[in-house]
Amino acid sequence: MKIVGVAACTSGIAHTYIAREKVMKAAQSLGYEIHMETQGTIGTENELTPAQIEAADFVLLVVDIKIGGRERFAGKKVVEVPTNTAIKAPTKLLQAVVDKLQAS
Amino acid sequence: MAIDMNSFEISKVITPELISIDLQATTKVAAIEELTDLLVAHGDVIDRQGFIDDVMYRETEGMTGLGQGVAIPHGKSKAVKNTTLAIGISQHAIGWEALDDEPVTVVILFAVKDTDANTLHIKLLQKVAILLADDSFIERLHHIETKAELMDLLAKEPEEG
């Protein structure tokens with residue numbers, strides 16, 4: 001399973017980075033390949049490349065606000081959740097998305 | 001060498017004066033006020049009430065209790081002179097809106113300057129945020145007994161995810 005995602009929270013100070021870290025760890029422990037961009041108060045970091053987006057099975061937006069560059073994901077399967085969902089239960093979140101994807 | 005550089009950087013935003021390992025507050029508001037007092041005394045916040053108002057406003061936008069007994073209230077505010085953080089560890093539980101519905105004993109108050117051009121300081125806060133995603137870090141945080149132990153723990157380089 002290949003995943004790309006974006007994390008962004010209201011103030012772009014803390015939750016963005018905690019959420020990214022939690023999701024990355026959970027994905028890696030499940031054996032998935034993941035790339036996560038952050039859009040925080042100091043701008044975009046770990047920006048996704050077109051190749052990463054192209055190869056992804058789905059896009060995971062862990063966001064509390066409107067993000068920039070959403071048009072990059074046109075035509076992809078996009079799942080959007082608040083940062084708190086990803087912080088609280090990242091593994092459960094990923095498994096639920098993957099289960100649903102595989103069932104469809 | 002890399003480790004020395006790192007602890008040097010962390011000490012730019014977190015100093016022992018901004019740590020309380022015996023927080024007296026018993027409520028969320030009182031904890032935010034008590035930590036704000038440390039920031040004011042250290043000269044990092046210039047308008048006490050203005051900063052508290054901004055932090056409380058952020059509280060209305062979503063819960064800042066991360067679960068596992070840790071809360072991260074934060075304010076991006078004109079009242080902040082230097083981007084930094086204050087840390088309070090309490091010997092008693094403090095009620096807080098948290099992802100696991102449990103009270104907290106560790107409160108990390110992020111103070112971010114409204115128009116911060118100093119990326120370095122924000123990167124250091126980011127590093128602390130990343131550490132908070134690590135269960136073993138949280139576990140150690142709950143066993144801190146001295147300010148020096150806390151400073152050492154924070155100087156740890158997060159494992160890149």
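Any read-out appearing in this document is the output of simple, stated calculations on the displayed coordinates, not a laboratory observation. On a predicted model such as this, the values are computed, not experimentally measured, just so you know. All Cβ positions, glycine included, derive from the backbone under ideal geometry; neighbour counts span all protein chains shown.
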Would you call B:Ile122 within 14 Å of chain A (Cβ to nearest Cβ), over 18 Å from B:Leu35 (Cβ atoms) and hydrophobic (A, V, I, L, M, F, W, C)? yes
Please list, ordered by first then second residue, the pairs with beta carbon atoms under 8 Å, 6 or more apart or interchain, first in the stretch A:33-48 and on the phi > 0 side of the Ramachandran plot, second of a type in the set (A, V, I, L, M, F, W, C). A:Asn46/A:Met36
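To keep it simple, each residue is scored yes or no on (1) aliphatic (A, V, I, L, M); (2) at the interface with another protein chain (Cβ under 8 Å from one of its Cβ atoms); (3) buried (at least 24 other Cβ atoms within 10 Å of the Cβ).
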| residue | (1), (2), (3) |
| --- | --- |
| A:Ile13 | yes, yes, yes |
| A:Lys22 | no, yes, yes |
| A:Glu33 | no, no, no |
| A:Ile53 | yes, no, no |
| A:Ala56 | yes, no, no |
| A:Leu60 | yes, no, yes |
Please work out which one of (1) under 13 Å from the mean Cα position of the chain (by Cα); (2) farther than 22 Å from A:Lys22 by Cβ; (3) not basic (Lys, Arg) is the condition B:Asp47 fails and give its number. (1)
Apart from one, (1) within 10 Å of chain B (Cβ to nearest Cβ); (2) surrounded by 18 or more Cβ atoms within 10 Å (Cβ to Cβ) all hold for A:Gly43; the odd one out is (2)
Checked the stretch B:90-119 for anything β-branched (Val, Ile, Thr), at the interface with another protein chain (Cβ under 8 Å from one of its Cβ atoms) and surrounded by fewer than 19 Cβ atoms within 10 Å (Cβ to Cβ); matches are B:Thr119
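Results for (1) within 14 Å of chain A (Cβ to nearest Cβ); (2) of a type outside the set (Ser, Thr, Tyr); (3) within 21 Å of B:Ile14 (Cα to Cα), shown as yes or no for each residue.
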| position | (1), (2), (3) |
| --- | --- |
| B:His42 | no, yes, yes |
| B:Ile72 | yes, yes, yes |
| B:Thr84 | yes, no, yes |
| B:Leu131 | yes, yes, yes |
Name the single residue, out of those in the stretch A:64-95 being within 10 Å of the chain's Cα centre (by Cα) and farther than 19 Å from A:Thr49 by Cα, that is surrounded by the fewest Cβ atoms within 10 Å (Cβ to Cβ). A:Glu80
Considering (1) of a type in the set (A, V, I, L, M); (2) under 19 Å from B:Lys147 (Cβ atoms); (3) not in a loop (DSSP other than H, G, I, E, B), say which one B:Ala25 fails and leave the rest. (3)
Quick check on A:Ala89: is it among the small types (Gly, Ala, Ser), within 14 Å of chain B (Cβ to nearest Cβ) and touching a residue at least 60 places away in the same chain (Cβ under 8 Å)? no
